[in-house]
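The values are calculated or read from the model by the stated rules, or taken from the named source; none is laboratory data. Computed from a predicted model, the values in this text were never measured in an experiment. Every residue, glycine as well, gets a Cβ built from its backbone with ideal geometry; the counts of neighbours run over all protein chains shown. The accessibility values were calculated without ligands, DNA or RNA, using every heavy atom of the protein model including side chains. Shrake-Rupley method; radii C 1.70, N 1.55, O 1.52, S 1.80 Å.
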Amino acid sequence: MVIRIAAVGDVHLDEDVVGRFRPALEEMPGNADVLLLAGDLTRHGTEVEARCVAREFGGLGVPVVAVLGNHDHQCDQVPQVVGALEEAGIVVLEGNGVVLDSPGGRLGVAGVKGFGGGFAGRCASDFGEPEMKAFVRTTTESADRLAEALHSLDCDLLVALTHYSPVPDTLAGEPLEIYPFLGSYQLGQAIDSAPTALALHGHAHHGSERGTTPGGVRVRNVAHPVIKQAYSIFHLGDHLDQAQVSGIGAGGIQQSWS
Ligand SMILES: [Fe+2]
Ligand SMILES: [Fe+2]
(Lines give C-alpha, C1' and ligand atoms only; values in the text may rest on other atoms or scores of the structure.)
(Ligands and ions follow the chains in the order given, each with its own letter.)
Protein backbone atom coordinates (compact mmCIF):
# COMPACT_ATOMS: atom_id res chain seq x y z
CA MET A 1 0.00 0.00 0.00
CA VAL A 2 1.26 3.40 -0.93
CA ILE A 3 0.24 6.95 -0.12
CA ARG A 4 0.82 9.32 -3.02
CA ILE A 5 1.77 12.83 -1.94
CA ALA A 6 1.93 15.72 -4.40
CA ALA A 7 3.80 18.80 -3.23
CA VAL A 8 4.93 22.21 -4.42
CA GLY A 9 5.94 25.46 -2.73
CA ASP A 10 6.78 29.02 -3.72
CA VAL A 11 4.17 29.34 -6.42
CA HIS A 12 3.97 33.09 -5.57
CA LEU A 13 0.58 33.60 -7.15
CA ASP A 14 -0.88 36.87 -8.30
CA GLU A 15 -3.45 37.47 -11.00
CA ASP A 16 -0.87 37.19 -13.79
CA VAL A 17 -0.01 33.61 -12.73
CA VAL A 18 -3.54 32.25 -12.29
CA GLY A 19 -4.21 29.36 -14.65
CA ARG A 20 -0.60 28.29 -15.21
CA PHE A 21 -0.76 25.40 -12.72
CA ARG A 22 -4.36 24.44 -13.30
CA PRO A 23 -3.99 22.04 -16.28
CA ALA A 24 -1.55 19.85 -14.32
CA LEU A 25 -3.62 20.24 -11.15
CA GLU A 26 -6.73 18.94 -12.93
CA GLU A 27 -4.92 15.58 -13.24
CA MET A 28 -4.38 15.45 -9.48
CA PRO A 29 -6.96 12.81 -8.48
CA GLY A 30 -5.33 10.31 -10.83
CA ASN A 31 -1.82 11.13 -9.65
CA ALA A 32 -1.99 11.76 -5.92
CA ASP A 33 -4.06 11.30 -2.75
CA VAL A 34 -3.19 14.70 -1.29
CA LEU A 35 -1.51 17.96 -2.32
CA LEU A 36 0.80 19.71 0.14
CA LEU A 37 1.71 23.40 -0.37
CA ALA A 38 4.98 24.48 1.25
CA GLY A 39 4.35 28.22 1.67
CA ASP A 40 5.01 31.42 -0.31
CA LEU A 41 1.72 30.81 -2.02
CA THR A 42 1.33 34.53 -2.74
CA ARG A 43 3.69 37.25 -3.92
CA HIS A 44 3.10 39.79 -1.14
CA GLY A 45 0.54 38.19 1.16
CA THR A 46 -2.54 40.17 0.17
CA GLU A 47 -6.08 38.87 0.40
CA VAL A 48 -6.48 39.46 -3.36
CA GLU A 49 -3.50 37.22 -4.08
CA ALA A 50 -4.80 34.60 -1.63
CA ARG A 51 -8.05 34.49 -3.61
CA CYS A 52 -5.92 33.73 -6.69
CA VAL A 53 -4.40 30.80 -4.75
CA ALA A 54 -7.90 29.68 -3.77
CA ARG A 55 -9.01 29.70 -7.42
CA GLU A 56 -5.91 27.87 -8.62
CA PHE A 57 -5.66 25.23 -5.88
CA GLY A 58 -9.26 24.88 -4.72
CA GLY A 59 -11.69 22.16 -5.80
CA LEU A 60 -9.06 19.71 -6.99
CA GLY A 61 -10.81 16.56 -5.85
CA VAL A 62 -8.06 15.73 -3.34
CA PRO A 63 -7.37 17.28 0.07
CA VAL A 64 -5.03 20.30 -0.07
CA VAL A 65 -2.94 21.11 3.02
CA ALA A 66 -0.73 24.20 3.25
CA VAL A 67 1.63 26.17 5.45
CA LEU A 68 2.28 29.84 4.83
CA GLY A 69 5.64 31.32 3.89
CA ASN A 70 7.37 34.61 4.66
CA HIS A 71 5.88 36.24 1.55
CA ASP A 72 2.39 35.36 2.79
CA HIS A 73 3.13 37.52 5.85
CA GLN A 74 4.44 40.56 3.97
CA CYS A 75 1.26 42.72 4.04
CA ASP A 76 0.17 41.73 7.57
CA GLN A 77 -3.04 40.19 6.21
CA VAL A 78 -2.50 36.65 7.52
CA PRO A 79 -6.07 36.21 8.87
CA GLN A 80 -7.53 37.30 5.53
CA VAL A 81 -5.07 35.10 3.60
CA VAL A 82 -5.91 32.08 5.76
CA GLY A 83 -9.62 32.86 5.48
CA ALA A 84 -9.51 32.96 1.68
CA LEU A 85 -7.65 29.65 1.52
CA GLU A 86 -9.97 27.97 4.02
CA GLU A 87 -13.03 29.14 2.10
CA ALA A 88 -11.64 27.14 -0.84
CA GLY A 89 -11.32 24.06 1.39
CA ILE A 90 -7.54 24.35 1.81
CA VAL A 91 -6.35 23.31 5.29
CA VAL A 92 -3.77 25.78 6.63
CA LEU A 93 -1.44 24.44 9.32
CA GLU A 94 0.61 26.43 11.82
CA GLY A 95 1.79 24.41 14.77
CA ASN A 96 -0.85 21.75 14.30
CA GLY A 97 -1.58 18.77 12.12
CA VAL A 98 -4.20 16.86 10.24
CA VAL A 99 -4.77 13.15 9.57
CA LEU A 100 -6.13 12.22 6.15
CA ASP A 101 -7.59 8.86 5.23
CA SER A 102 -6.33 7.56 1.91
CA PRO A 103 -6.48 4.16 0.21
CA GLY A 104 -2.86 3.60 1.33
CA GLY A 105 -3.48 4.40 4.98
CA ARG A 106 -3.81 7.32 7.35
CA LEU A 107 -1.44 10.15 6.43
CA GLY A 108 -0.51 12.57 9.20
CA VAL A 109 0.74 16.01 8.16
CA ALA A 110 2.23 18.34 10.77
CA GLY A 111 3.02 21.86 9.65
CA VAL A 112 4.63 25.14 10.63
CA LYS A 113 6.06 27.99 8.61
CA GLY A 114 9.31 27.71 10.52
CA PHE A 115 11.97 30.42 10.64
CA GLY A 116 15.69 31.06 10.13
CA GLY A 117 18.60 30.75 12.50
CA GLY A 118 21.15 28.66 10.65
CA PHE A 119 22.71 25.28 11.08
CA ALA A 120 25.08 23.47 13.43
CA GLY A 121 28.26 25.40 14.05
CA ARG A 122 27.05 28.42 12.11
CA CYS A 123 23.84 29.45 13.79
CA ALA A 124 22.41 32.35 15.71
CA SER A 125 22.44 31.84 19.48
CA ASP A 126 20.19 32.97 22.29
CA PHE A 127 22.72 35.51 23.56
CA GLY A 128 23.23 39.26 23.71
CA GLU A 129 20.77 41.85 22.53
CA PRO A 130 17.02 41.39 23.04
CA GLU A 131 16.55 41.53 19.27
CA MET A 132 18.87 38.55 18.76
CA LYS A 133 17.21 36.62 21.56
CA ALA A 134 13.79 37.34 20.00
CA PHE A 135 15.04 36.09 16.62
CA VAL A 136 16.29 32.83 18.09
CA ARG A 137 13.24 32.46 20.33
CA THR A 138 10.98 32.71 17.27
CA THR A 139 12.78 29.73 15.73
CA THR A 140 12.78 27.72 18.95
CA GLU A 141 9.06 28.25 19.48
CA SER A 142 8.32 27.29 15.88
CA ALA A 143 10.40 24.12 16.17
CA ASP A 144 8.70 23.28 19.47
CA ARG A 145 5.28 23.68 17.85
CA LEU A 146 6.36 21.40 14.98
CA ALA A 147 7.55 18.72 17.42
CA GLU A 148 4.30 18.92 19.38
CA ALA A 149 2.25 18.64 16.20
CA LEU A 150 4.28 15.66 14.94
CA HIS A 151 3.81 13.83 18.25
CA SER A 152 0.08 14.60 18.40
CA LEU A 153 -0.91 12.66 15.28
CA ASP A 154 -2.20 9.09 15.28
CA CYS A 155 -1.44 7.89 11.76
CA ASP A 156 0.30 5.28 9.60
CA LEU A 157 2.69 7.70 7.90
CA LEU A 158 3.94 11.01 9.20
CA VAL A 159 5.03 13.96 7.05
CA ALA A 160 6.47 17.29 8.22
CA LEU A 161 5.56 20.34 6.12
CA THR A 162 7.47 23.60 6.56
CA HIS A 163 8.40 26.63 4.50
CA TYR A 164 11.88 27.13 5.94
CA SER A 165 14.40 24.33 5.56
CA PRO A 166 15.27 21.91 8.37
CA VAL A 167 18.65 20.99 6.84
CA PRO A 168 21.47 22.72 4.91
CA ASP A 169 21.61 19.97 2.25
CA THR A 170 18.67 21.32 0.27
CA LEU A 171 20.13 24.85 0.32
CA ALA A 172 23.06 23.84 -1.87
CA GLY A 173 23.14 26.40 -4.66
CA GLU A 174 22.16 29.32 -2.42
CA PRO A 175 24.84 31.76 -1.19
CA LEU A 176 26.32 30.47 2.08
CA GLU A 177 25.87 33.95 3.58
CA ILE A 178 22.07 33.65 3.57
CA TYR A 179 21.74 30.11 4.97
CA PRO A 180 20.75 31.51 8.41
CA PHE A 181 17.76 33.19 6.74
CA LEU A 182 16.70 30.05 4.88
CA GLY A 183 16.23 27.59 7.71
CA SER A 184 17.23 26.20 11.06
CA TYR A 185 18.69 23.02 12.51
CA GLN A 186 16.04 23.27 15.22
CA LEU A 187 13.36 22.29 12.68
CA GLY A 188 15.48 19.23 11.84
CA GLN A 189 15.70 18.30 15.51
CA ALA A 190 11.91 18.51 15.79
CA ILE A 191 11.50 16.28 12.74
CA ASP A 192 13.98 13.76 14.15
CA SER A 193 12.16 13.66 17.50
CA ALA A 194 9.19 11.87 15.87
CA PRO A 195 8.87 8.91 13.49
CA THR A 196 8.72 11.25 10.51
CA ALA A 197 8.81 9.53 7.12
CA LEU A 198 9.37 12.58 4.94
CA ALA A 199 9.98 16.31 5.42
CA LEU A 200 8.95 18.79 2.73
CA HIS A 201 9.87 22.47 2.54
CA GLY A 202 10.24 25.38 0.13
CA HIS A 203 11.76 28.91 0.42
CA ALA A 204 15.18 28.07 -1.11
CA HIS A 205 14.47 28.98 -4.75
CA HIS A 206 18.09 28.39 -5.76
CA GLY A 207 18.63 25.36 -3.55
CA SER A 208 18.56 21.68 -4.41
CA GLU A 209 15.96 18.97 -4.10
CA ARG A 210 17.30 16.31 -1.79
CA GLY A 211 18.60 16.17 1.74
CA THR A 212 18.55 14.14 4.94
CA THR A 213 18.22 15.15 8.58
CA PRO A 214 20.93 14.04 11.04
CA GLY A 215 18.42 11.36 12.15
CA GLY A 216 18.02 10.02 8.61
CA VAL A 217 14.68 11.52 7.63
CA ARG A 218 14.47 12.29 3.93
CA VAL A 219 14.02 15.97 3.15
CA ARG A 220 12.81 17.37 -0.16
CA ASN A 221 12.83 21.01 -1.26
CA VAL A 222 9.70 21.37 -3.38
CA ALA A 223 10.09 25.08 -4.20
CA HIS A 224 8.66 25.52 -7.67
CA PRO A 225 11.84 27.11 -9.10
CA VAL A 226 13.74 24.01 -7.90
CA ILE A 227 11.40 21.23 -9.05
CA LYS A 228 10.56 23.11 -12.27
CA GLN A 229 7.20 21.40 -12.64
CA ALA A 230 3.69 21.99 -11.33
CA TYR A 231 4.29 19.56 -8.46
CA SER A 232 6.36 16.56 -7.48
CA ILE A 233 4.81 13.29 -6.36
CA PHE A 234 6.24 11.14 -3.58
CA HIS A 235 5.14 7.56 -3.01
CA LEU A 236 5.34 6.56 0.63
CA GLY A 237 5.02 2.92 1.71
CA ASP A 238 2.57 1.99 4.41
CA HIS A 239 5.15 1.24 7.12
CA LEU A 240 7.13 4.07 8.60
CA ASP A 241 10.27 2.00 8.81
CA GLN A 242 9.98 0.82 5.24
CA ALA A 243 8.80 4.02 3.64
CA GLN A 244 9.97 4.26 0.07
CA VAL A 245 10.13 7.63 -1.56
CA SER A 246 9.86 7.94 -5.27
CA GLY A 247 8.90 10.83 -7.43
CA ILE A 248 7.32 11.38 -10.78
CA GLY A 249 7.00 14.59 -12.64
CA ALA A 250 3.62 16.11 -13.32
CA GLY A 251 4.13 14.80 -16.83
CA GLY A 252 4.53 11.29 -15.47
CA ILE A 253 8.29 10.96 -15.89
CA GLN A 254 9.66 8.53 -13.32
CA GLN A 255 12.64 9.73 -11.32
CA SER A 256 14.86 7.50 -9.22
CA TRP A 257 15.51 8.43 -5.63
CA SER A 258 18.82 7.26 -4.29
FE1 LIG B 1 9.53 31.87 -2.15
FE1 LIG C 1 10.11 32.16 1.29
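Placing +1 on each Lys and Arg Cβ and -1 on each Asp and Glu Cβ, with no other charges, gives segment 3-238 a dipole about its Cα centre of roughly 480 debye.
Calculated on the Cα set of segment 35-111, radius of gyration then Dmax: 12.3, 40 Å. From the largest down, segment 145-224 spans 38, 20, 19 angstrom on the principal axes of its Cα atoms.
What is the Cα centroid distance between segment 70-91 and segment 1-49, reported in whole angstrom? Cα centres, segment 70-91 to segment 1-49: 14 Å.
For the chain, the solvent-accessible area of protein heavy atoms averages 42 Å² per residue (probe radius 1.4 Å; ligands and nucleic acids excluded).
Our summary gives segment 98-245 a relative contact order of 24 percent, counting only alpha carbon pairs under 8 angstrom and 6 or more residues apart. For segment 116-192, the Kirkwood hydrodynamic radius from C-alpha pairs, put into Stokes-Einstein at 20 °C and a viscosity of 1.002 mPa s, yields a diffusion coefficient of 164 µm² per second.
Percent of accessible area on segment 3-238 owned by carbon and sulfur, 1.4 Å probe? Result for segment 3-238: 52 percent of the exposed heavy-atom area is carbon or sulfur. Structural descriptor for the chain: relative contact order 20 percent, calculated from alpha carbon pairs under 8 angstrom and at least 6 residues apart.
In terms of its alpha-carbon gyration tensor, segment 96-243 comes out oblate; a/c meets the 1.5 threshold, while b/c is at least as large as a/b.
Only protein heavy atoms count here; under a 1.4 Å probe, Val81 has an accessible surface of about 0 Å².
Relative protection proxy for 22-28, 207-213, from highest mean packing down: 207-213, 22-28 (other beta-carbon atoms within 10 angstrom).
A crude spin-label estimate for the pair Asp16 and Ala124, with each label 7 Å from Cα along the Cβ direction, gives 3.2 nm.
The Rg/Rh ratio for segment 1-135 is 1.04, where Rg is the radius of gyration of the alpha carbons and Rh is the Kirkwood radius. Stretching the chain fully between Val99 and Glu131 yields a gain of 7.8 nm (0.36 nm per residue, less the alpha carbon separation).
Spacing of the modelled spin labels on Glu26 and Gln74, each 7 Å from Cα toward Cβ, amounts to 3.0 nm. Size descriptors for the chain (Cα atoms only): Rg and Dmax, in that order, 16.8, 53 Å. Charges on Cβ only, +1 for Lys and Arg, -1 for Asp and Glu, centred on the Cα centroid of the chain; of Leu153, Val67, Gly104, which one is farthest towards the dipole's positive end? Ranked along the dipole, the leading option is Gly104.
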